[in-house]
Structure formats: structure tokens, C-alpha cells
Amino acid sequence: MILALLQIFIFPGFLFLFILALAGEYFDRKLYARMQNRVGPPWFQPFADFVKLLAKELIIPEQADKIIFRILPLAACASVVTAFLFMPIWKAGSLFSFKGDIVAVIYIMTIPTLTYFLGGWYSRSLYSLIGSMRVLTQLFSYEVPLLMAVLAPGILASSWTFSTVIDFYWAKGFLFLVNIIGFGVALIAVHGKLEKVPFDIPEAETEIVAGTFTEYTGPLYAYFKLAMNMQAIAAATLLAAAFMPFGYKSGFILGIIIYLLKITFIIALLTVIRTIFARIRIDQMVRFCWKLLTPLALLQITINIIIKAVT
């Protein structure tokens, strides 16, 4: 019991994910700044911002549902940590591995997005309501291609379990490269899930202040921001496990190093995307996901089905 609690709350659970989330935010902001010919923040800035928000006054709108308003940020953090515990880090199996865990992780990772929607909805603010509706609209746009793209590698492995998929591609050399289209689709869909430019439509500060988070202040806003940073690490971990099956047979130390390199690479790609593109409209986001990402994800599935049939 004590060991399980240490794994959940220390490593590879909450504390480990918390540190990675702050480090990932720093790397993202620093790289983003350097690409814009700016200096960027110091290494401790994400932690300082988090502590500063914790110390600020908590203000709850008079018309908001006060209980739900308080619970949602904590639910967002808890759901991200839960999903992270089911993902492989330094070995093929996760801390709590089970059959079909890839599907479970994808669905658990939709919970934070739903908390963003509910947070705006129960704030009873006009800006928050507009932002929450945009959150839900984006969810219905990127979730289908993301699900299809992440599950595509499992078709060749005849399994949607992390350990089985990793073992299959580990034994097949460079066969994982056939999933490159799916990786591209998943990367862009994750960008929408994280609500980063050009998909920061729900938080478009030049249009709707801070969107769904407009009424959140102090500690509750800190928890929401922490959930989004942890979600970025969890999403990068998911893509690494599904599309980069190398490094999981290298032992603990080397496995951790390779894992960190993989998520750093994925976060760097996300940063490059948000650097070179400008925000698009919500209708453009919907058309892009359904008319381009979804057919490409379907193409990846078709390719994998054909390869599986002829091999």
C-alpha cells in the first residue's frame, strides 16, 4: 500500500508529472521566445508564476455554482495524473497496465477538456460561456482524428495495449515509420487539445478576454494552468508510446533519458507550430479537422490494414 501511494504521489505520479509540467512550460516559453528573437523567461519562472497565483485572492462570481466552480480545476488535475499513470515511461508496461489501456487513456484525457467547458459554463459570464462553447466545438473536431491516429499503430500489432504495441514494433525494426502520417495527424490534434496557437480559439484574449477561464483567479486558475501544462506532458507521453517505440527496453536510467528526449522533441514540434501560425476561426478549425485530419487518419488506418494483410 505504501509503495503504491509513493508511486501515485511521488514517482512516476503527481510530483514527477508536476516537475515535468513546469520544465515543459519553461522549455516551450523559452524556445518560443528565442524563435521570436526574444530572451525568454528564467528557468524558475513557471514555478514562480504558480506560487504567485496560489497567493492571490480567490474571487468566485456571485451567480456561479460555487461548489462546481471550486471542484473543476482539481478534477482537471486529477484526471491528467490518472491518465499519466496508465502510460509507459521507461518500460513497455505502465504502472497500472491492463488490456486496452490505450483506449482508456485517450478517453480519460478528454476529461480535462470537459472540465474547461464546465468551468466556463458554470461561471455564468458571457465571455466564459462563449469560450466554453468553443472548447466543446473543438473537442468534437479534433477528438475523432486523434483517436483514429493513435489507435492506428495498434492495428498492425493486433492490440490496443501499450506493452503489446511497443513489444511488436520493437521486434520489427523500423516498421514504426509506416505510422508517420498518423503521428502528424495526432500531433496537430494534440495541438488543438492543448488549445495552443493556431487553435487557442477558446482563450482568444484579443476577442473574449480569457474565454472559459475569464472568471477564474488565484489558486483555482493556478490549478487549471497546471492541468494544461501536465496535459501537454501526458499528450507527449502518449504520442511517444504510440509512435516512438524505442527506448523502452534500455533499462531504467537510459529509458528515462530517452523518454525525456522524446517528449522534449514533441514539445519542440508543438512550439514550432504555434510560432509559425496565427490563430484561425472556429469554423476553419472544424473544417480543417473533418476535411483534412480525419481523412488522413483514415488513410493511415487503411495503410496499416493493407500492410497487415500482406505480411
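The values are calculated or read from the model by the stated rules, or taken from the named source; none is laboratory data. This one's a predicted model, so the numbers in the text were calculated from it and none came from an experiment. FYI the Cβ positions are ideal-geometry reconstructions off the backbone, even for glycines, and counts take in every protein chain you see. Heavy atoms of the whole protein, side chains included, go into the accessibility calculation; ligands, DNA and RNA do not. Shrake-Rupley method; radii C 1.70, N 1.55, O 1.52, S 1.80 Å.
Worth pointing out:
- Rounded, prolate or oblate (a/c below 1.5 giving rounded, otherwise prolate when a/b exceeds b/c) for region 6-83 by Cα gyration tensor: oblate
- Among Phe162, Phe246, Phe288: highest mean-square fluctuation, GNM of the chain, C-alpha pairs under 10 Å: Phe288
- Computed from backbone phi, the HN-Hα couplings of region 158-164 come to 6, 6, 10, 10, 3, 4, 5 Hz, rounded to whole numbers (Karplus: 6.51 cos²θ - 1.76 cosθ + 1.60, θ = phi - 60°; Gly and Pro given as x).
- Residues whose amide H falls under 5 Å from that of Trp160, counting only those 5 or more places apart or on a different chain, are Gly100, with hydrogens built in the peptide plane.
- Excluding ligands, DNA and RNA, the accessible surface per residue across the chain is 45 Å² with a 1.4 Å probe.
- Where only alpha carbons of region 1-159 are counted, the Rg and the Dmax (Å): 18.6, 54
- One Cα centroid belongs to region 1-74, the other to region 216-249; the line between them spans 11 Å.
- Calculated diffusion of the chain, Stokes-Einstein form, Kirkwood radius summed over Cα pairs, 25 °C and 0.890 mPa s, µm²/s: 123 µm²/s
- Of the solvent-accessible surface of the chain, computed with a 1.4 Å probe and all protein chains present, 72% belongs to carbon and sulfur.
- In order along region 206-221, the Karplus-derived 3J(HN,Hα) couplings, from 6.51 cos²θ - 1.76 cosθ + 1.60 at θ = phi - 60°, round to 7, 10, 10, 6, 10, x, 4, 9, 4, 8, 8, 9, x, x, 5, 5 Hz, and Gly and Pro are given as x.
- Placing +1 on the Cβ of every Lys and Arg and -1 on the Cβ of every Asp and Glu, with no other charges, gives region 208-311 a dipole of roughly 220 debye about its Cα centre.
- The accessible-area ordering, largest first, of the residues Thr115, Thr311, Thr137 stands as Thr311, Thr137, Thr115, per a 1.4 angstrom probe.
- Annotation for region 21-88: GluC sites (Glu not before Pro) lying in DSSP loop with at most 12 further Cβ atoms inside 10 Å of their Cβ are Glu57, Glu62.
- Cross-link partners of Lys308 among lysines, defined as those whose alpha carbon lies under 28 angstrom from its own and excluding same-chain residues fewer than eight positions apart: Lys91, Lys99, Lys172, Lys249, Lys262, Lys291.
- The chain: relative contact order in percent, alpha carbon pairs under 8 Å with at least 6 residues between: 28 percent
- In order along region 285-299, the Karplus-derived 3J(HN,Hα) couplings, from 6.51 cos²θ - 1.76 cosθ + 1.60 at θ = phi - 60°, round to 4, 4, 4, 4, 5, 7, 9, 10, 5, 5, x, 5, 5, 5, 4 Hz, and Gly and Pro are given as x.
- Alpha-carbon centroids, region 77-154 and region 185-211: separation in whole Å: 15 Å
- Radius of gyration, Dmax [region 267-311; alpha carbons; angstrom]: 15.2, 44
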